[in-house]
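Structure, as structure tokens:
What follows draws every value from the coordinates through simple rules; no lab data is involved. These numbers were taken from a predicted model, which means no experiment stands behind them. Note that each Cβ is placed from the backbone with ideal geometry, even for glycine, and that neighbours are counted across all protein chains shown.
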Amino acid sequence: MKPKSSLFNALSPSRVRRLLAAAAKTRVLVAGDVMLDQFMWGSVVRISPEAPVPVVDFQSESFMPGGAANVARNAAALAARVELFGVIGDDWSGRRLKELLAARNIGCGGLAVNPARHTSMKTRIVAHRQQIVRVDRESRGDLHAALAAKLLARLKAGLAGADAVIVADYGKGVVTQPLLNELKSLCRDQGIWLSFDPKPVRHLNLAGLSLVTPNRKEAFELANLADETPNPNPFADTNLLLAAERLLNELRPAVLLITLGELGMLLCQRGQKPFHIPTVAREVFDVSGAGDTVIATFTLAIAAGASPIEAAVLSNHAAGIVVGKFGTATATNAELLASFAGQ
């Protein structure tokens, strides 16, 4: 199974404009593990006398929605109507996250509060544009039955009139097999597109989804294959192509999109040759959250009437924009239009 050469790697600016205008009229639900991303910015001028570690002189800090909340933020940046479903703790981090989401017009009615859990927060300490360390504060256990039932009930109620659902699993316990099974059944019955960003550590049954977006490492883990044939040319990467074929046959998604970092993306559909889309990123400063950008942009494009290839090309441009920024970031309509206008 050899991939197609990327003969179609561009959309006309007019087509992009039409798709973005249609995406702005869509309504999307995002469910999964929500987080708060904290960035502490500073500089290093000395090594600690207490241990061989750098001393960071604090300068500023910033907060951004993370995890599934960053997926929602990326969809909202493209002007879609977005509602977020997940679980937060009864703590400062949860309240700060809701403030940030509300400021971006993201619906928070689907966020359930559980005083027994901590709101997931990732603290990144950055000096001279280099991340020095990350500190994670979070709960990882599965939700108890009553809380899981409450979350599912809110999702069911929100499905009416939705154009698409995105599930972002970060392995923190919100996305369970019963929740996913119910969503697959409901979306299939109502004709709603269902996208899933996997974390293989959860060992979920992912069969029957509309879109699955693993990165290279996750694709090999899902396919239970060793990554033994890395090659800068995906056409010559035999194990990557085998992993893609196995996932298509076993999971049978409508679309499998494997993100390959600096090598771009591999778009796969049953009965068709894989399609490679090279990256358009000019500079890479920070890859944090790039996968969130990809799944949000691809899903909105599909909901707006794009073909899978068009959606992949659009999401590839969006990813190229966000990796050129520091921290978890988004791509705006104006930036996407400028990206296509300059090709």
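Sites counted here are trypsin sites (Lys or Arg not before Pro) in a DSSP loop (not H, G, I, E or B) having no more than 11 other Cβ atoms within 10 Å; the longest part of the chain that contains none of them is 130-281. Taking the DSSP beta bridges with both ends in the chain, the antiparallel portion is around 45 percent.
Dividing the convex hull volume of the alpha-carbon atoms in the chain by its residue count gives 145 Å³ per residue. Across the stretch 5-103, the volume of the C-alpha convex hull divided among the residues equals 221 Å³ per residue.
For the pair residue 249 and residue 186, label points projected 7 Å from Cα toward Cβ lie 3.4 nm apart. The orientation-averaged shadow of the Cα convex hull for the stretch 241-343, equal to a quarter of the hull surface, comes to 6.6 nm².
Do any GluC sites (Glu not before Pro) in the stretch 128-230 lie in a loop, going by DSSP, with at most 12 other beta-carbon atoms within 10 Å of their beta carbon, and if so which? All intermediate terms of the calculation are to be shown ahead of the outcome.
Values: sites: 138, 182, 218, 221, 228; in loops: 138, 228.
Counting only loop positions with at most 12 other Cβ atoms within 10 Å, the GluC sites (Glu not before Pro) in the stretch 128-230 are 228.
With K and R counted +1 and D and E -1, the other residues having a Cβ less than 12 Å from that of residue 227 yield a net charge of -2.
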